Amino acid sequence: MAVRTRSASAALLLLCAAQLMVLLDASIVHIALPSIQREFGVASGRLQWITTAYTLCFGGFLLVGGRLGDRFGRRRTLAAGMWLFALASAAAGFAPSAGALITARALQGLSAAMVAPMVFVFVAAIFPEGPSRNRAMGVLSAVSAAGFVTGLILGGTLTGWLGWRAVFFATVLIGLLIAAMLPILPPDRAGERRPLYLPGAVAATLGIGCLVLALAEGGASAGILGTGGLLTASALLLALFVRIERSAAYPLLPPGLLARRPFAGAAMAAFLFGGVIGPSIFMLTLYMQRALGYEPLRAAAAFLPQELTVIAVAQLAGRLVTRYGTRPVLLAGAAAFALGSWLLSQLAAQDAWLAYILPGTVLIGVGVGCVMVGSSVAMTSGLARDDHAAAAGLWNVAPQIGASVNLAVQIAAAEWFSDGRLLRDPLSPAALSGYRAAFAALLACALLIGAGVWLLLRRPAAERRSRKQGRAT
């Protein structure tokens, strides 16, 4: 049953603002990374944790965030997340060291895990399944893209004029304003008082964290034995998560949800989306500012065509999903990711933006627009209302985990092929080889995961035969 509101459009606008803030803070820090690296003197393997701490905690606790809404009320959970996000942003702005900044970013991720599922659930509740929900998801996806481009431009402007700390203080005011306006949303009674199985979420987050740490720093810091230990710990913790979920009376992830092939395919496409967009922006930001000598604002402006493409394609994708279904839209997005990654793997020392960065990022923008809309629709179609929170959590979890894992893979490839000179000697041929290797690794991930999406979204043979027989008659 849809939630009653005085104005569905006004509610959608406020929810889009909350989603924009979460994504704004995910992208605003990318342009500031070189400045942060210079102030704190952190290596590239440590630098990625300023991004990864956010995405890892965001992804690891999203399922818990969805269940908090079921237990305590969705509007109340959304408000708590917004206030906590503003507090964590202030802590990041005042951080005296890289370690303190990473801790504040982790707290931002935890609070974002309370906000994002509630946005998704409110949209699914206000707009009934069908064309109206498809259009609303298209608007939400376009605003999400606007959050990325706004974060990049704002991050470049603030970093250039006021320094990197200003990028975090900017989100404090935005968060407080949105929190104050939340009463316009319809009140939602708390659901059944279900216990929150935090050990499962902690086990999953620690397991993914060990995997990311093994990929990012294991070979350089701990050697083969240390890397093997981290990978073993990751496998054991993830196995523990599965065991906890199976024995839980109210699991974070409803049983059978991932057994639905369209749902699993959409989740894998969302993983691919996160694994391409965040890591590609991270690497290109370093490349443009350190190797090409771009100022922060110019580097941010270089992403503008990509984000405008996402906004346009997201609006078109909503209509395409209504007409053709989610399968062709998701597969088109996966193909665009692969083509864009291939172009970026050909980076040259001169004329790089026009020949490689512009077409590569635009193609990635096409993929983002298709996958964001297609996956959000596919993961809610045919679900009971009680499962919307879990689906919302997983839809947000998948790209965050994809971003954490793929960024670690890219950094490892870049460091290996540059012989550790990626940041120490950014103008050297070895550094260029490192950047190319990073995007070659991204291409491999896009092809591998894209193939998995295609296999999961294939119609069973019996269904294909029945469709052919139907057309023949």
Which residues in segment 324-355 place their backbone N less than 19 Å from a point set 7 Å from the Cα of Arg458 along the Cα-to-Cβ direction? 326-335
Would you work out if segment 47-169 is rounded, prolate or oblate? Take a ≥ b ≥ c from the square roots of the eigenvalues of the alpha-carbon gyration tensor; rounded if a/c is under 1.5, else prolate when a/b is larger than b/c, oblate otherwise. oblate
According to a simple spin-label model (label point 7 Å from Cα along Cα-to-Cβ), what is the distance in nm between Arg243 and Trp161? 5.5
Taking Cα atoms only, helix 358-378 is inclined relative to the longest principal axis of the chain by an angle, in degrees rounded to 10, of 20
Given a Förster radius of 30 Å and the C-beta distance between Ala8 and Phe169 as r, what FRET efficiency does 1/(1 + (r/R0)^6) yield to the nearest 0.05? 0.35
Gained length - Leu358 relative to Ala444, 0.36 nm times residue gap less alpha-carbon distance: 28.9 nm
Putting +1 on Lys and Arg Cβ atoms and -1 on Asp and Glu Cβ atoms, find which of Ala440, Ala125, Pro34 reaches farthest to the positive end of the dipole of the chain. Ala125
Simple spin-label model, 7 Å along Cα-to-Cβ: Ala348 to Ile184 in nm? 5.1
Quarter of the Cα convex hull surface for segment 216-374, i.e. its orientation-mean projected area (nm²): 12.7
Nearest-20 debye value, the chain charge dipole, Cβ charges on Lys, Arg, Asp, Glu: 1620
Separation in nanometres of the label points that stand 7 Å from Cα toward Cβ, at Tyr324 and Arg261: 2.0
For Thr285 the rounded accessible area (nearest 10 Å², probe 1.4 Å, non-protein molecules ignored) is 0
Counting C-alpha atoms alone, how compact is segment 6-103: give Rg to one decimal and Dmax as a whole number, in angstrom. 15.9, 52
Which of rounded, prolate, oblate describes the chain, given a ≥ b ≥ c as roots of the alpha-carbon gyration tensor eigenvalues and a/c under 1.5 marking rounded, otherwise prolate only if a/b is larger than b/c? rounded
If R0 = 30 Å, then Leu231 and Ala90, at their Cβ-Cβ distance, give a FRET efficiency to the nearest 0.05 of 0.25
Averaging over all projection directions, find the projected area of the Cα convex hull of segment 309-370 and quote it in nm² with one decimal place. 3.8
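The values are calculated or read from the model by the stated rules, or taken from the named source; none is laboratory data. Not measured: the values here are computed from a predicted model. Note that we place each Cβ from the backbone using ideal geometry, even for glycine, and neighbour counts take in every protein chain shown. SASA here: full protein model, heavy atoms, side chains in, ligands and nucleic acids out. Shrake-Rupley method; radii C 1.70, N 1.55, O 1.52, S 1.80 Å.
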